[in-house]
Amino acid sequence: IDGSHNWPCVFVDFCYINMMMSEGGTLFVDDVQLYSVSQLYFLLRQQEEFEYVALEGKLATFRKLTDRQFLPEWNSEPYIAQNTVRPPT
């Protein structure tokens, strides 16, 4: 992905690409030094549907391990669940 770097465009681009990718496909995410892109990078690093392959400079490589078109709900996304602020009880 080397599209718009604006928020939430990075995630919109990812959603469309993820829908089109087959199991075993390779995903390149460029410009991970930018905050918006780094959030996708950190999410995918912990997501079991993707295998982290490498980070070379500002280009991250992942391999898709499933044929699912969408990521699971937020509570099954480790990066999102870990970074969710829970209201005080």
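See the values below:
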{"quantity": "Residue list for the range 41-53, restricted to those being open to solvent by 90 Å² or more (accessible area, probe 1.4 Å) and within 10 Å of the chain's Cα centre (by Cα)", "calculated": "Arg45"}
{"quantity": "Some residue of the range 54-65 being assigned to a loop (DSSP other than H, G, I, E, B) and open to solvent by less than 70 Å² (accessible area, probe 1.4 Å)", "calculated": "no"}
{"quantity": "Residue satisfying all of: in the range 66-89; part of a loop (DSSP other than H, G, I, E, B) and polar (S, T, N, Q); surrounded by the fewest Cβ atoms within 10 Å (Cβ to Cβ) among these", "calculated": "Thr89"}
{"quantity": "Hits in the range 4-23 (condition: of a type in the set (Asp, Glu) and open to solvent by 50 Å² or more (accessible area, probe 1.4 Å))", "calculated": "Glu23"}
{"quantity": "Residue satisfying all of: in the range 24-35; out of contact with any Ser or Thr (no Cβ under 6 Å at 6 or more places or on another chain) and surrounded by 14 or more Cβ atoms within 10 Å (Cβ to Cβ); farthest from His5 (Cα to Cα) among these", "calculated": "Gly25"}
{"quantity": "Which listed residue, of Leu27, Leu44, is hydrophobic (A, V, I, L, M, F, W, C), assigned to a helix (DSSP H, G or I) and touching a Phe, Trp or Tyr at 6+ places or on another chain (Cβ under 6 Å)", "calculated": "Leu44"}
{"quantity": "Thr89 among the β-branched types (Val, Ile, Thr) and under 11 Å from the mean Cα position of the chain (by Cα)", "calculated": "no"}
{"quantity": "Flag for Ser38 being surrounded by 14 or more Cβ atoms within 10 Å (Cβ to Cβ), modelled with pLDDT of 95 or more and of a type in the set (Gly, Ala, Ser)", "calculated": "yes"}
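The values are calculated or read from the model by the stated rules, or taken from the named source; none is laboratory data. This is a predicted model, so every value here is computed, not measured. Every residue, glycine as well, gets a Cβ built from its backbone with ideal geometry; the counts of neighbours run over all protein chains shown. Only protein heavy atoms, including side chains, enter the accessible area calculation; ligands, DNA and RNA are left aside. Shrake-Rupley method; radii C 1.70, N 1.55, O 1.52, S 1.80 Å.
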